[in-house]
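A.B. asks: Before I ask anything, here is the structure I am working with.
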Amino acid sequence: MRACRRPSSGGALRTVVGAMLLTLGLSQSGPQQTPCMAGDAGQNLTQPKYFMFQNRTVSSFMTPLVESFLQTVQPYPFPIDLILKLVREFSLTNSQLIKEVMLHEVGFLVCAIFGILYIILMPIIGIFLACCRCCGKCGGTMHQKQTPSIHSSRRCLYWCTIAVTVVILAGNVCMFKSNKDLNVGVTQSPTQLNKTTRNIQTFITSVPQQIHSVVNESFTTIDRIASNLHDIGPQLGSVIQDRFRGHMDPVLRSLRLLNEGTTNFSAQLQELNSFLTQHRTTMNLLQRDITTIRYAITATLNNPACVGCALIRPVLQPQVDQLTLGAIVTPNNDGLVAGMTQINQTDLPSKIVEIERYFNSIPQTVNAETTNVVQQTTQVLENVKTQISNIIRTSLSALINLSDVPTQLYADTIGKHSSTIEYAEDIRYKLCIALCCVVGLVVMCNILGLVLGPLGLKPKTDPTMRSCMADSGGTFFMMSAGFSFLFSWLMMVLVLVLFLLGGHGHTLVCRPWSSGQLFQLIDSSGLVPNISQVLGVRSKISIAHLYRDCTANQTIWKTLLLHEVIDLDQVFSTTQYVGDIQRQFDAMNIELPTITFLRPEVRENLRNLSVITNEMNSTLITQQINTVSSINLNTSADALVNAGTGTDPPTQTRLQNHADDLRQFQARIETTLIPQMTQLNSSVTVLRTTEQEMEASVVVVLANVAAAEDFFNTDAAAIVRNESSSFLDCQLAHFDHYNVWARHMITEQVGFCKPVAETVDVVGVILCSYLLESLNAFWCSLGWCLFFLIPSIIFTIKLAKYYRKMKLSDDYE
C-alpha cells in the first residue's frame with residue numbers, strides 16, 4: 001500500500017479539472033469523523049454606496065390649475081399609434097396623417113389662434129385708439145357730459161377696476177414665484193444630474209468588481225483546498241487516529257494497568273521476600289534459644305544432686321518436652337519470582353511506548369505517503385485558477401464589460417457646461433424679472449390711479465376745475481392702458497411659444513411618463529435596439545419591464561433574464577469530472593506500517609503467570625500464626641517456679657532462672673515474632689489481591705490485543721480507504737459550496753439596478769417637476785395677466801375720464 005498512483009494524462013480539460021479535484025486529497029468518513037468544514041466560505045458581496053435623492057415638487061400651487069387647463073386643451077389619451085405613424089410615415093403630402101395630427105392638436109390650435117389674434121389685434125387696436133384720441137375722436141375730446149348717473153357709473157367702474165387689478169396682481173405674484181422656482185430648478189438640475197451620473201458610474205463599476213469578487217472567491221476556495229492538501233497529514237491522520245482509537249486505547253489502557261500491576265506485584269513480592277527472610281531468622285533464633293532452655297531445664301531436673309527432683313520430674317518433664325515453636329513453614333515463591341522475572345523481561349513499558357509512537361506517527365505516515373501527490377496537484381491548482389477565471393469571464397463578459405460605458409465622460413460634460421447653463425439661466429431669470437416688472441408696472445399704475453383719483457376728486461367740482469391729484473390719477477389709468485397696449489402683444493408671443501413647448505412637454509412627455517405609456521412608445525418605436533435580440537434571450541424585454549424590475553431593486557441577472565443565455569449550472573458544474581477523479585483517487589493507497597502488540601512468548605508468559613501465582617499458599621502462614629499464638633511459655637515458667645519450691649535452694653534458683661528465660665522468650669514471641677508473622681500474612685494477602693487483579697488485567701490485555709489485531713488485520717485498510725474517500729468528498733464540498741454561493745451571488749446580489757430606475761426618475765423629476773412645471777406655471781401666470789389686461793384697459797380708460805381735468809365744461813344742476 002505504499003505506492004500512490006499519479007493522475008492519468010487524458011484530454012487537456014479533463015486533466016486540468018481532474019487534477020484540480022484530485023488535489024482535494026484524501027478524505028474521511030465514518031461515524032466518528034471530524035465534521036467537514038466546507039460551508040465556511042463565501043460572504044455576501046459588498047454593495048456600493050449611492051447618493052440619495054429627495055423628490056421636490058416645484059410650483060405645486062399652480063400645478064393643479066395648469067394640469068386642469070392642459071387636460072381641457074388636450075383631453076385625448078397619449079397617441080402612441082399616431083406618433084409611430086409620424087416617425088415612420090411623415091410626409092407633407094400625407095394629408096390624412098396631417099389631418100389626424102391636427103385633429104389631435106385641435107385644443108392647442110384653438111389656443112394658438114386666440115393667441116395669434118391677441119398678438120395681431122392688440123397693437124392694431126392700440127394704434128387706432130391712439131390715433132382717434134390724438135385726432136380728438138373716440139373720447140379724445142376733454143369734455144364729460146354731466147348726467148344724474150355719473151357717480152353711480154364712476155363707482156361701478158372703480159370697483160370693477162379694483163377687482164381686475166387684484167386678479168392681475170395675483171397673476172403677477174405667481175409670475176415672480178414660478179420664475180424663482182424655475183431658477184431654483186435649473187440651478188439644481190446640473191447637481192442632480194451629476195449625482196445620478198455618478199450613481200450610474202458607481203453601478204456599472206461595481207458590477208465588474210462584484211464579478212471579480214466571485215472569481216477571487218474561487219481562488220480563495222482553491223487556496224483553502226491547497227492548504228488542506230499541505231495539511232493532509234494532521235487532518236486525515238487525526239481522523240484515522242480517531243477511528244483507530246476505539247481499539248488502540250483499550251490495548252494501551254489495559255497494558256498500562258498490567259504494567260502498573262506487575263510493577264506493584266514485583267515490589268510486593270520483594271517485600272514478601274524480605275519479610276520471609278526476616279521471619280526465618282527470627283524463628284530460627286527463637287527455636288534455638290527455646291531448644292537450649294529446654295535442654296537446660298532437662299539437665300537441671302536430672303541433676304543427681306537435686307533434692308526433690310524425683311518428685312517433680314514426672315510432672316514437669318512432659319511440659320518441658322513441649323517447649324518448641326514447631327516446624328518452620330514458609331510459602332514457596334521461587335516459581336513466582338521466576339515468572340515475574342520473565343514478565344519483567346518482556347519490557348511492557350517499551351511495548352507501550354512503541355504502540356503510542358505508532359499511534360502518534362499516523363499523521364506523519366499519511367503525510368509522507370501523499371507527498372508526491374500533494375506537490376503535483378498543488379501545481380495543477382495554480383492552472384485551475386486561470387481556467388476558472390477564464391470560464392467566468394467568458395460567460396459573464398457582458399456584465400464585466402459594463403465598465404467600458406463612458407459614464408465619466410457624461411459627468412465631465414455636465415460639469416463642463418454647468419457654468420454655461422448658469423450664465424444662460426441668469427440671463428433668462430433677469431429677462432423674466434423684467435417681464436414681471438412690466439406687468440407690475442401696469443398694476444402699479446392702476447393702483448396709483450385708484451388711490452390718487454378718489455383722493456383728489458370732489459364730486460360737485462366742475463370737471464374743468466378738478467385737482468391735480470385727481471388729474472394725476474386719471475393720467476396713471478391712461479398710462480396703464482398705454483403700457484398694456486405697448487407690451488401685452490409682445491408678451492403674448494412669449495406666452496404662445498412657452499405654451500406650445502411646455503404644454504406639449506407635459507402632455508407628450510410628463511403625463512405618459514407617469515403612466516408608463518412613454519416606455520411603451522419607446523419599445524414600439526424601433527429607435528432603441530431590441531434588448532432581447534442584443535442579449536440573445538428568448539423572452540421579450542421591454543423598457544417598461546426593465547424600469548419596473550429596477551424600481552423593485554432586482555439584480556441585472558433577473559432583470560435581463562440572463563438565465564436564458566447563460567447556464568450557471570454548466571459554468572460552475574464539476575460533476576462531469578467526479579467519476580474520473582474518483583477512479584484516480586481509488587488507485588491511490590496509504591499503507592500504514594504493521595504492528596505486533598504482543599509476541600506469542602509474551603502472551604504465553606502472561607498466561608503462565610496466573611498458574612504460578614496460584615501455587616503460592618498463604619494458609620501455611622496462617623496455621624503457623626495460630627500455632628505460635630497458642631504457645632504460652634509463661635505457663636511453663638510458672639510451673640517451674642511452683643515446682644522449685646519443693647527442691648533445694650540451688651535447684652530452686654536454677655529453675656527460677658529458667659522460668660525468667662521462658663518469660664523473656666514469651667515476650668520475644670509476643671513483641672517480635674507474632675507481629676512479623678502478622679505483617680507477613682498481610683503482605684501475602686495484599687500480594688494475593690494484587691495477583692487476582694493482575695490475573696484480570698492479563699485476561700483483559702489478551703482480549704484487547706486479540707480484538708485489536710483482528711481489527712487491524714480485517715478493517716484497518718478499509719477504514720483508511722473510507723476516510724481518504726471522505727476527505728476527498730469534504731474537499732469537493734468546498735467546490736460545491738462555492739458553486740452554490742457563486743450562483744446565489746450572481747443571481748441575487750450582483751448589480752442591484754435600482755440606481756438605473758432612480759436615474760430615470762431623477763431625469764423625470766428634473767424635466768417635469770424642476771423645469772416644465774415651473775415653466776408652465778410661468779406662462780400660465782403671464783397669460784392670466786394678459787387675459788385680464790383686456791378688461792383692465794377698458795375699465796381704466798373709461799374710469800380715467802372721471803378723474804382727469806376736462807377742457808370743456810357742461811352745465812349741470
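A.B. asks: Going by a ≥ b ≥ c, the root eigenvalues of the Cα gyration tensor, does region 669-728 fall in the rounded group (a/c under 1.5), the prolate group (a/b larger than b/c) or the oblate group?
C.D. replies: Details: a/c = 11.46, a/b = 5.29, b/c = 2.16.
In terms of gyration-tensor shape, prolate.
A.B. asks: What does the accessible area per residue of region 168-313 come to in Å², with a 1.4 Å probe and no ligands, DNA or RNA counted?
C.D. replies: 41 Å²
A.B. asks: List the chymotrypsin sites (Phe, Trp or Tyr not before Pro) within region 679-744 that DSSP assigns to loop and that have no more than 12 neighbouring Cβ atoms inside 10 Å.
C.D. replies: When the chymotrypsin sites (Phe, Trp or Tyr not before Pro) of region 679-744 are filtered for loop state and at most 12 Cβ neighbours within 10 Å, nothing remains.
A.B. asks: Could you tell me which trypsin sites (Lys or Arg not before Pro) in region 721-813 are loop residues by DSSP with no more than 12 other beta carbons within 10 angstrom of their beta carbon?
C.D. replies: K807
A.B. asks: Determine the sum of side-chain charges near L157: Lys and Arg each +1, Asp and Glu each -1, restricted to other residues whose C-beta is under 10 angstrom from that of L157.
C.D. replies: On the way: positive: R154, R155, K798, K801; negative: none.
Net charge in that neighbourhood comes out at +4.
A.B. asks: Which of the peptides 310-321, 212-223, 529-540 is most tightly packed, and how do the rest follow, going by the mean number of other Cβ atoms within 10 Å of each residue?
C.D. replies: 212-223, 310-321, 529-540
A.B. asks: Additional query: Given the whole protein assembly as supplied and a 1.4 Å probe, what does the accessible area of M469 come to in Å², nearest 10?
C.D. replies: 90 Å²
A.B. asks: Now for a different question. Classify region 145-242 as rounded, prolate or oblate, taking a ≥ b ≥ c as the square roots of the eigenvalues of its Cα gyration tensor: rounded when a/c is under 1.5, otherwise prolate if a/b is larger than b/c and oblate if not.
C.D. replies: On the way: a/c = 14.10, a/b = 6.07, b/c = 2.32.
Prolate, because a/c is 1.5 or more and a/b exceeds b/c.
A.B. asks: Here's something else I'd like to know. Distance between Cα centroids, region 536-552 to region 65-119: provide it in whole Å.
C.D. replies: Centre-to-centre (Cα) distance: 31 Å.
A.B. asks: Suppose R0 equals 25 Å. What FRET efficiency, 1/(1 + (r/R0)^6) with r the Cβ-Cβ distance, do F128 and S153 give to the nearest 0.05?
C.D. replies: Once the sixth-power term is evaluated, E becomes 0.55.
A.B. asks: Grab the beta carbon distance between R280 and A717, set R0 = 56 Å, and tell me the FRET efficiency rounded to 0.05.
C.D. replies: The calculated FRET efficiency here is 0.40.
A.B. asks: Report the local net charge at M283: Lys and Arg +1, Asp and Glu -1, summed over other residues whose C-beta lies under 12 Å from its C-beta.
C.D. replies: Net charge around M283: +2.
A.B. asks: Ok, one more. Suppose R0 equals 60 Å; then what is the FRET efficiency for L257 and L311 from their Cβ-Cβ distance, rounded to the nearest 0.05?
C.D. replies: Numbers: r = 70 Å, r/R0 = 1.17.
It comes out at approximately 0.30.
A.B. asks: Full extension from I790 to I120: what is 0.36 nm times the residue separation minus their Cα-Cα distance, to one decimal in nm?
C.D. replies: On the way: separation 670, 0.36 × 670 = 241.20 nm, distance 1.39 nm.
Computed gain between I790 and I120 is 239.8 nm.
A.B. asks: Taking the Cβ of F61 as the center, what net charge do the other residues with Cβ under 12 Å away carry, scoring Lys and Arg +1 and Asp and Glu -1? The partial results should precede the final answer.
C.D. replies: Numbers: positive: K177; negative: D181, E773.
That works out to -1.
A.B. asks: Going by the alpha-carbon gyration tensor, a ≥ b ≥ c the square roots of its eigenvalues, is region 716-755 rounded (a/c under 1.5) or, if a/c is not under 1.5, prolate (a/b greater than b/c) versus oblate?
C.D. replies: Prolate is the answer for region 716-755, as a/c is 1.5 or above and a/b outweighs b/c.
The values are calculated or read from the model by the stated rules, or taken from the named source; none is laboratory data. Computed from a predicted model, the values in this text were never measured in an experiment. Here the Cβ is made from the backbone with ideal geometry for all residues, glycine too, and neighbour counts use every protein chain on show. Areas reflect the complete protein model, heavy atoms only, side chains present, ligands, DNA and RNA absent. Shrake-Rupley method; radii C 1.70, N 1.55, O 1.52, S 1.80 Å.
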